[in-house]
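Notes for the one structure printed next.
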Amino acid sequence: MHAINAIQRKRTAIDLLYWRDIKQTGIVFGSFLLLLFSLTQFSVVSVVAYLALAALSATISFRIYKSVLQAVQKTDEGHPFKAYLELEITLSQEQIQKYTDCLQFYVNNTLKELRRLFLVQDLVDSLKFAVLMWLLTYVGALFNGLTLLLMAVVSMFTLPVVYVKHQAQIDQYLGLVRTHINAVVAKIQAKIPGAKRHTE
């Protein structure tokens, strides 16, 4: 059952990123952009407070409207949000354990990889990591965290579609880049004594 749910969630995410349901993807994409643009203008506390006030204004107005409508029509339909109030939203012990185990797996793997890189188990990999961190210092000087997050969200919803439409050309250029990088890495490994040789 859990495997089926995981597959369904994965399919839903893929459908969103590939714009297979334009209306649904547009709503999700627009909501993310609105939230991130709001965070660039206001503090997190202000954005959360405004969102909560907007949601409360909508639900309170709808509750009052339905109450007045029931009074005028002399009907007794009950609370307009009764179905949602009775909806089960608690996490089971199995679900909590599952997510905890998943988080523990990723944290442990990340810590092992960082230890391997910082303690120079593979000299070439550590040099690659150092170059990446050096490049990130320039990225950090040009963009703040929110701007990078905004760019990441836009890329998530645009790059998959672009790749599908131009897959052959993109794969060709990526192959050339990968070949060039492997050649450069091979030259570096040849000049560094004791460097671990590996091919990608």
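Could you list all residues from the range 68-104 that are at pLDDT 85 or above, over 22 Å from ALA58 (Cα atoms) and of a type in the set (A, V, I, L, M, F, W, C)?
Scanning the range 68-104 gives ILE96, CYS102, LEU103.
If you take just the helices (runs of 4 or more DSSP H) that sit entirely in the range 112-200, which of them hold at least 1 residues that are over 30 Å from GLY30 (Cβ atoms) and out of contact with any Pro (no Cβ under 6 Å at 6 or more places or on another chain)?
Fully inside the range 112-200 and qualifying: 123-142, 167-191.
Among THR59, THR90, which is within 27 Å of the chain's Cα centre (by Cα) and either surrounded by fewer than 12 Cβ atoms within 10 Å (Cβ to Cβ) or farther than 23 Å from ALA152 by Cβ (or both)?
THR90
Could you please find all residues in the range 168-182 being aliphatic (A, V, I, L, M) and within 18 Å of LEU123 (Cβ to Cβ)? Don't jump to the end; show me each part of the working.
So the first thing to find is which residues in the range 168-182 are aliphatic (A, V, I, L, M), and the list is 168, 170, 174, 176-177, 181.
The answer is ILE181, and nothing else.
Being farther than 21 Å from LEU148 by Cβ, under 17 Å from the mean Cα position of the chain (by Cα) and open to solvent by 90 Å² or more (accessible area, probe 1.4 Å) narrows it down to one residue among ILE64, ILE22, ILE27; which is it?
It is ILE27.
Are any residues in the range 30-56 open to solvent by 70 Å² or more (accessible area, probe 1.4 Å) and not in a helix (DSSP H, G or I), and if so, which ones?
PHE42
Which of the following residues is of a type outside the set (Val, Ile, Thr), over 30 Å from SER38 (Cα atoms) and touching a residue at least 40 places away in the same chain (Cβ under 8 Å): LEU149, LEU123?
LEU123
Of everything in the range 93-135 that's closer than 22 Å to ILE188 by Cβ and among the aromatic types (Phe, Trp, Tyr), which residue is least open to solvent (accessible area, probe 1.4 Å)?
The residue in question is PHE129.
Can PHE105 be described as of a type in the set (Phe, Trp, Tyr), out of contact with any Pro (no Cβ under 9 Å at 6 or more places or on another chain), at negative phi and in contact (Cβ under 8 Å) with a residue 12 or more places away in the chain?
No; evaluated as a whole, the condition is false for this residue.
Please determine whether any residue of the range 45-63 is at pLDDT 85 or above and in contact with a helix residue (DSSP H, G or I) (Cβ under 7 Å, 6 or more places away or on another chain).
yes
Scan (1) within 29 Å of the chain's Cα centre (by Cα); (2) under 26 Å from VAL28 (Cα atoms); (3) surrounded by 13 or more Cβ atoms within 10 Å (Cβ to Cβ); (4) without any contact (Cβ under 8 Å) to a residue 60 or more places away in the chain for the single condition PHE81 breaks and write down its number.
Answer for PHE81: the failing condition is (1).
The values are calculated or read from the model by the stated rules, or taken from the named source; none is laboratory data. All values reported here derive from a predicted model rather than from experimental measurement. Quick reminder, even Gly has a Cβ in these numbers, built from the backbone with ideal geometry, and neighbours come from all protein chains shown. To get the accessible areas, we keep the full protein, side chains included, count just its heavy atoms, and leave off ligands, DNA and RNA. Shrake-Rupley method; radii C 1.70, N 1.55, O 1.52, S 1.80 Å.
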